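Peer 1: Following this message is one structure expressed as structure tokens.
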Amino acid sequence: MIAIIDYNAGNLFSVKNALDYLDIDNEVTGEAARLDRADALILPGVGAFPDAMRQLDKAGLVGEIRRQAKKKPLLGICLGMQLLFEKGYEFEECEGLGLIKGEVRKIDAGGLKIPHMGWNSLRFLNPCPLLDGVGEGSYTYFVHSYMACTGDENIAAYTEYHVRIPALVMNGGVYGAQYHPEKSSRIGLAMLKNFWRLAK
């Protein structure tokens, strides 16, 4: 079972609908005991970094997510991906979950429209099991104004939007997608299926 972490800051049900479509057992929950029983976790998210971290802290989930990430696959999506890093600078400096080294800063779009929104192609940098069967140059759907700043060793795939934006990041069993796999048609669904295979 995949637990979709509920902390009042996520695009929970679009993720759930995608997993339901793939016939993957899943549950939306913010209860630590249910997260512990799950085989894998998804951390979705929309909104601002500091607000989301406050919601996680208020729900008592910061330490629990850190603990669970040591023993089972975890996938952060969009803002949920950004929360995996050590620190964010959206409106204010804010500590993140610290599961991947790096920080989150506003995109230097060089005059291009912010937020970065729409379909962009992926360029591969490092092997990643979530990309099994996915062709380089595949398009995924992005909506964001901030980006991860991290070392190349943590980047599985990136996209270009004036600057190189990490699109899929990883550290051990922790993965983060800046794009929305649940809104990225068959390519995104293939990645979600690959993530589920990691939990088996």
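Read-outs throughout are calculated quantities, based only on the coordinates presented, and are distinct from any laboratory measurement. Values in this document were obtained by computation on a predicted structure and should not be read as measured data. Every residue, glycine as well, gets a Cβ built from its backbone with ideal geometry; the counts of neighbours run over all protein chains shown.
Peer 1: Among the lysines, select those whose C-alpha is under 30 Å from the C-alpha of K70, and discard any that sit fewer than 8 residues away in the same chain.
Peer 2: Within the straight-line cut-off, K70 pairs with K16, K58, K87, K101, K106, K183, K193, K200.
Peer 1: Please identify every one of the trypsin sites (Lys or Arg not before Pro) in segment 97-190 that sits in a loop by DSSP and has no more than 11 other beta carbons within 10 Å of its own beta carbon.
Peer 2: K113
Peer 1: Here's something else I'd like to know. List the residues, sorted by chain then number, that are 5 or more residues from I42 or on another chain and whose placed amide H is less than 5 Å from its amide H.
Peer 2: Counting only residues 5 or more places away or on other chains, the set is A3, I4, I5, L75.
Peer 1: For segment 183-197, take each phi angle, set θ = phi - 60°, evaluate the Karplus expression 6.51 cos²θ - 1.76 cosθ + 1.60, and give the result in whole Hz per residue in order, putting x for glycine and proline.
Peer 2: 10, 10, 6, 5, 5, x, 5, 4, 5, 5, 5, 4, 5, 4, 4
Peer 1: Taking R0 as 45 Å, what FRET efficiency do you get between S121 and F91 from their Cβ-Cβ distance, rounded to the nearest 0.05?
Peer 2: 0.90
Peer 1: Calculate the radius of gyration of the Cα atoms of segment 96-136 to one decimal place, then report Dmax, the largest Cα-Cα distance, as a whole number, both in Å.
Peer 2: Looking at segment 96-136, its Cα Rg and Dmax stand at 14.2, 35 Å.
Peer 1: Tell me, what does the Kirkwood hydrodynamic radius of segment 40-137 come to in angstroms if you use every pair of distinct C-alpha atoms?
Peer 2: The answer is 15.0 Å.
Peer 1: Which loop-located GluC sites (Glu not before Pro) does segment 121-200 contain, where loop means any DSSP state but H, G, I, E or B and the Cβ has at most 11 other Cβ atoms within 10 Å?
Peer 2: E136
Peer 1: On average, how much area does the Cα convex hull of the chain cover when viewed from any direction, in nm²?
Peer 2: 9.7
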